[in-house]
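For reference, the structure discussed in these notes is given below.
Please treat every number below as a calculation from the coordinates, not as lab data. All values derive from a computational prediction rather than experimental measurement. Virtual Cβ from ideal backbone geometry, glycine too; neighbours counted across all protein chains shown.
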Amino acid sequence: MANKNYKEYLNDITTFIFDVDGVLTNGDIIVTTEGEQYRTMNTKDGYAITTALKQGYKICIISGGSNEGVRNRLEKLGVKDVFLGTHEKVSFLKDNMATNKLNTNELIYIGDDLPDYQVMQLVALPCCPQDAVPEIKAISKYISHKNGGRGVVRDVIEQVMKVQGKWMKNFDALYD
């Protein structure tokens, strides 16, 4: 079922919801002897996030992880809804939808592993990176050709914005 007719959902999307590890990062963690944990994020994903925000889309991060470096990076990109240490993703999503008056048909969620399974079933367009676990691929309506942390976020955002005629729209004004 994945990738068949997923484009029919793109016109209604107003909100992107992302997991962090395995989606915004490649899932690898560098651990120092002091216990610090480092992750890498893709600059093209960051550019797409900033562009989407400037065009009026909502971006929400829901992650079980709680790395403050991740929060700082996302806030510098302009993401205001960064929810880390959130293990009850389903109840959190439902509360966030009610607070922001969102409908499921407006939502894309990109996840890659089992903690994303239930929440992905609540949105119109569940998506995943190419290197997601098989169970997540099985419920995704779109499987990106990109891996986590390697452009999957850019791939999905760009597709939505192109279908809606917002990719490169007012480009000069957005980046003066």
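Return the residue satisfying two criteria in turn: it lies in region 132-171 and is in contact with a helix residue (DSSP H, G or I) (Cβ under 9 Å, 6 or more places away or on another chain) and among the small types (Gly, Ala, Ser), and of such residues it is surrounded by the fewest Cβ atoms within 10 Å (Cβ to Cβ).
Among them, the one singled out is Gly151.
In the set Glu8, Glu36, which member is closer than 17 Å to Ile143 by Cα and without any contact (Cβ under 8 Å) to a residue 60 or more places away in the chain? Give the derivation first.
On the way: Glu36 fails: closer than 17 Å to Ile143 by Cα.
Exactly one of Glu8, Glu36 is closer than 17 Å to Ile143 by Cα and without any contact (Cβ under 8 Å) to a residue 60 or more places away in the chain, namely Glu8.
Filter region 66-121 for residues that are surrounded by fewer than 19 Cβ atoms within 10 Å (Cβ to Cβ) and of a type in the set (Gly, Ala, Ser); which is nearest to Ala52 (Cα to Cα)?
Looking at the filtered set, the residue picked out is Gly78.
Go through (1) among the charged types (D, E, K, R); (2) within 11 Å of the chain's Cα centre (by Cα); (3) farther than 15 Å from Thr25 by Cα for Asp45 and report which single condition fails.
Status for Asp45: all satisfied but (3).
Within region 24-55, how many residues are assigned to a loop (DSSP other than H, G, I, E, B) and among the polar types (S, T, N, Q)?
Number of matching residues: 7.
In region 55-94, what residues are more than 30 Å from Val163 (Cβ to Cβ) and either touching a residue at least 24 places away in the same chain (Cβ under 8 Å) or in contact with a Gly (Cβ under 8 Å, 6 or more places away or on another chain) (or both)? Talk me through it step by step, then tell me what you get.
At the first step, the residues of region 55-94 found to be more than 30 Å from Val163 (Cβ to Cβ) are 64-69, 71-72, 84-85, 87-88, 91.
Of everything in region 55-94, those that are more than 30 Å from Val163 (Cβ to Cβ) and either touching a residue at least 24 places away in the same chain (Cβ under 8 Å) or in contact with a Gly (Cβ under 8 Å, 6 or more places away or on another chain) (or both) turn out to be Gly64, Gly65, Ser66, Asn67, Gly69, Leu84, Gly85, His87.
Hey, does region 101-108 have a residue that's within 20 Å of Arg39 (Cβ to Cβ) and of a type outside the set (Lys, Arg)?
The answer is no; no qualifying residue exists.
Would you mention how many residues in region 21-42 are crowded, with 17+ Cβ neighbours inside 10 Å and either under 11 Å from the mean Cα position of the chain (by Cα) or among the polar types (S, T, N, Q) (or both)?
Of the residues in region 21-42, 7 are crowded, with 17+ Cβ neighbours inside 10 Å and either under 11 Å from the mean Cα position of the chain (by Cα) or among the polar types (S, T, N, Q) (or both).
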